Structure formats: structure tokens, C-alpha cells
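Chemist: Before I ask anything, let me first share the structure, which is written out below as C-alpha cells.
The values are calculated or read from the model by the stated rules, or taken from the named source; none is laboratory data. Because the structure is predicted, anything quoted here is derived from the model rather than measured. Positions of Cβ are generated from backbone atoms using ideal geometry, with glycine treated the same way; all protein chains shown enter the neighbour counts.
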């Protein structure tokens with residue numbers, strides 16, 4: 001066999017192996033998100049929306065990998081969707097009120113003793129979902145980008 005064919009077969013094999021592992025990882029990430037969503041819906045069925053933060057805190061604040069973090073995001077969405085609406089979302093600042101929403105996120109994370117980025121990302125998801133619920137519309141990608149840009153300032 002010529003050197004050229006060995007190189008071609010080696011490259012082909014490498015691409016196949018990388019593709020297999022990428023597909024497996026994608027399936028794992030998708031599965032984690034779906035499992036979180038299902039668990040969140042089941043958790044929220046007999047609770048009020050304000051209690052979704054408690055479930056999140058006990059189950060997901062110790063996450064240390066991407067799969068767990070995606071599961072947590074799925075949990076938040078599922079719980080907020082299935083839970084009974086109380087005054088939780090009306091008490092939260094809207095997404096476009098950047099300072100108030102950041103203050104709420106920071107104060108809430110501090111109140112439960114967590115000062116990490118994960119806590120802030122999770123709680124920001126509540127702000128986003130509550131904004132959608134109370135305004136009846138989803139923020140556009142441009143709005144989300146602009147709010148994120150303003151936060152970085």
C-alpha cells in the first residue's frame with residue numbers, strides 16, 4: 001500500500017472517530033436537557049412558580065459539568081411551565097430593566113450563599129422566563145444581546 005493511501009485512510013479513520021464521539025456527546029447533552037425538563041415539569045406540577053427556585057437550589061447548585069448545567073436549565077423551564085402562577089413573576093424585574101434584574105440576581109444568589117456565575121446564569125433564566133410570561137412576548141436575539149452588552153458595561 002502506498003504512503004498516500006495510508007494517509008488518506010488515517011484521515012478518514014480519524015474523522016470517523018471524531019464524528020462518533022461528537023454525536024455521542026451531543027446525544028448526552030440533549031438527553032441531559034430533556035431529563036431536566038421532564039424533572040422540572042414533574043416537580044412544578046403541584047407547586048407555585050416561586051417554589052421552582054427552591055428545587056433548583058437543592059438539586060442543581062452543585063453542578064460541575066455542562067450536562068448538569070443543561071439539565072438545570074431544562075429544570076427551570078419545565079418547572080416554570082408546569083407550576084401554578086403566583087406573584088413570583090410580577091415581583092421580578094423585567095429583562096430590559098438591566099440594573100434591577102442584575103440586582104435581584106446578585107441579591108438572591110448572595111441570599112442563598114452562592115456567588116458563582118452558575119447561580120447568576122440560572123436566576124437570569126427566571127428573569128427571562130418571567131419577562132416572557134408577564135409581557136406575553138419573547139425578547140428578540142437583538143434585545144438579549146443588547147441587554148448582555150449593557151450588563152458588561
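Chemist: Note down all Cβ pairs under 7 Å where the first residue falls in region 41-65 and is in a strand (DSSP E or B), the second is surrounded by fewer than 18 Cβ atoms within 10 Å (Cβ to Cβ), and they're at least six residues apart or on different chains.
Modeler: 48/84; 48/86
Chemist: Shifting gears a bit: Out of all the residues in region 79-106, which are assigned to a loop (DSSP other than H, G, I, E, B) and over 17 Å from the mean Cα position of the chain (by Cα)?
Modeler: Within region 79-106, 83, 85, 86, 87, 92, 93, 94, 96, 97 meet the criteria.
Chemist: Follow-up. Can you say whether residue 115 is modelled with pLDDT under 80 and outside the structural domain of residue 38 (by TED's automatic domain parsing), as far as the supplied structure shows?
Modeler: Against the criterion (modelled with pLDDT under 80 and outside the structural domain of residue 38 (by TED's automatic domain parsing)), residue 115 qualifies.
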